[in-house]
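Let me begin by presenting the structure, written as structure tokens, before commenting on it.
The values are calculated or read from the model by the stated rules, or taken from the named source; none is laboratory data. Every value quoted in this text rests on a predicted model; they were computed, and no experiment measured them. We place every Cβ from the backbone using ideal geometry, glycine too, and count neighbours over all the protein chains shown. Only protein heavy atoms, including side chains, enter the accessible area calculation; ligands, DNA and RNA are left aside. Shrake-Rupley method; radii C 1.70, N 1.55, O 1.52, S 1.80 Å.
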Amino acid sequence: NIKFSYIKKINHVVFQQIIEDNDFRSYDIARTKSSLVMAEHYHEGVEARLFLRGTGTFFIPAGDGHIGILECSAGCCVILPEKAIHWFQANDALTAVRFFKVGTEYKAVYTGRVHDGYYEYALDILDI
């Protein structure tokens, strides 16, 4: 199951609570300098991010032809379970804390599926 929460004020106590509640072992800070789109993929482990600045969108196939859209901005904490197929659009420069249960890296396993035109369609709907 996907976990999503919005944290109005991020502080050390909240940060530690995220780590303890989810048994994370390490974290780092990820930054993009501009917008980018990652192709559809999954990770062998849990993917967890706490957005500090900027906006991004997770696109998550629901398996019935529908695609879930999860719009994230500063304060959003998203935890995707292992092997959750998704793709991600950074809408602008963003900064996020990435949490890890093992190691300090997410290795994307790309599915090879292409969603031609869907990015533009979804972003029009979201008015991004």
- Which of the residues that make up region 1-31 are part of a loop (DSSP other than H, G, I, E, B), out of contact with any Gly (no Cβ under 7 Å at 6 or more places or on another chain) and closer than 20 Å to Arg53 by Cβ? Lys9, Asn11
- When only residues in region 70-110 that are modelled with pLDDT under 90 and among the β-branched types (Val, Ile, Thr) count, which is most open to solvent (accessible area, probe 1.4 Å)? Val102
- Query: For region 34-42, does any single residue satisfy the condition of being open to solvent by 50 Å² or more (accessible area, probe 1.4 Å) and charged (D, E, K, R)?
  - Reply: no
- Those residues of region 47-64 that are part of a strand (DSSP E or B) and among the β-branched types (Val, Ile, Thr) come to a total of 2
- Would you please list the contacts, defined by Cβ atoms under 7 Å and residues six or more apart or on different chains, that run from a residue in region 65-81 that is touching a residue at least 12 places away in the same chain (Cβ under 8 Å) to a residue that is in a loop (DSSP other than H, G, I, E, B) and open to solvent by less than 30 Å² (accessible area, probe 1.4 Å)? Gly75/Ile7; Cys77/Ile7
